[in-house]
1. Need the full-extension length gain, Val15 to Lys65, defined as separation in residues times 0.36 nm minus the C-alpha distance. One decimal, nm.
2. Amide H to amide H, which residues 5 or more places from Asp8 or on other chains are under 5 Å from it, using H placed in the peptide plane?
3. Using per-residue counts of other Cβ atoms within 10 Å, averaged over each peptide, order 63-74, 11-22 from highest down.
4. Rounded to the nearest 0.05, what FRET efficiency is calculated for Ala84 and Glu51 with R0 set to 30 Å and r the Cβ-Cβ distance?
5. How high is the relative contact order of the stretch 22-103, in percent, with contacts defined as C-alpha pairs under 8 Å that are six or more residues apart?
6. List the pair-distance distribution P(r) of the chain, using every Cα-Cα distance, as the percent of pairs falling in each 5 Å bin from 0 up to the bin containing the longest distance, rounded to whole percents.
7. Considering only protein heavy atoms and a 1.4 Å probe, what is the carbon-and-sulfur percentage of the accessible area of the chain?
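The values are calculated or read from the model by the stated rules, or taken from the named source; none is laboratory data. What you are looking at is a predicted structure, and each value in this text was computed from that prediction instead of being measured. Here the Cβ positions follow ideal geometry from the backbone for every residue, glycine too, while neighbour counts run over all protein chains shown. These area figures cover heavy atoms from the full protein model, side chains too; ligands, DNA and RNA do not enter into them. Shrake-Rupley method; radii C 1.70, N 1.55, O 1.52, S 1.80 Å.
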Amino acid sequence: MDDFQKVDLRVCRVVRCEAVPGADKLLRLELDDGLGGRQIVSSIRPWYKPEDLEGHNIIVIANLKPAKFRGVQSQGMLLAGDDADGSVKVLFADGLPAGTRIH
């Protein structure tokens with residue numbers, strides 16, 4: 001339980017989303033995290049178009065060390081699950097405002 005409480009899960013609103021140039025699987029998401037904004041990069045492009053995500057709220061692990069993917073900085077990781085058919089499903093949190101901490 002102590003380890004789980006160290007993970008900062010936050011609801012973030014997808015403000016803008018676009019494909020990362022030169023990468024078949026990557027999307028860059030600009031997020032309203034309720035704390036000033038951030039961007040993440042995710043390998044969900046085979047399953048989602050940018051317009052599928054824009055305007056929705058997602059859950060992000062917000063306290064990861066920033067990383068670069070194809071030269072684009074990512075400041076977190078979105079939560080998603082693998083479906084039985086091999087597809088990926090993003091966990092949406094549209095009923096919660098940006099910045100909400102998940103416990």
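1. Details: separation 50, 0.36 × 50 = 18.00 nm, distance 2.19 nm.
Roughly 15.8 nm would be gained on extension.
2. Ala62, Asn63
3. On the way: 63-74: 12.6, 11-22: 17.3.
Result, highest mean Cβ count within 10 Å first: 11-22, 63-74.
4. Values: r = 26 Å, r/R0 = 0.86.
Between Ala84 and Glu51 the formula returns 0.70.
5. On the way: 132 pairs, mean separation 24.1, N = 82.
About 29 percent, as a whole number.
6. Whole-percent P(r) values from 0 Å outward: 2, 13, 24, 25, 20, 11, 4, 1, 0.
7. Numbers: 3090 of 6160 Å².
Within the chain, the accessible surface is 50 percent carbon and sulfur.
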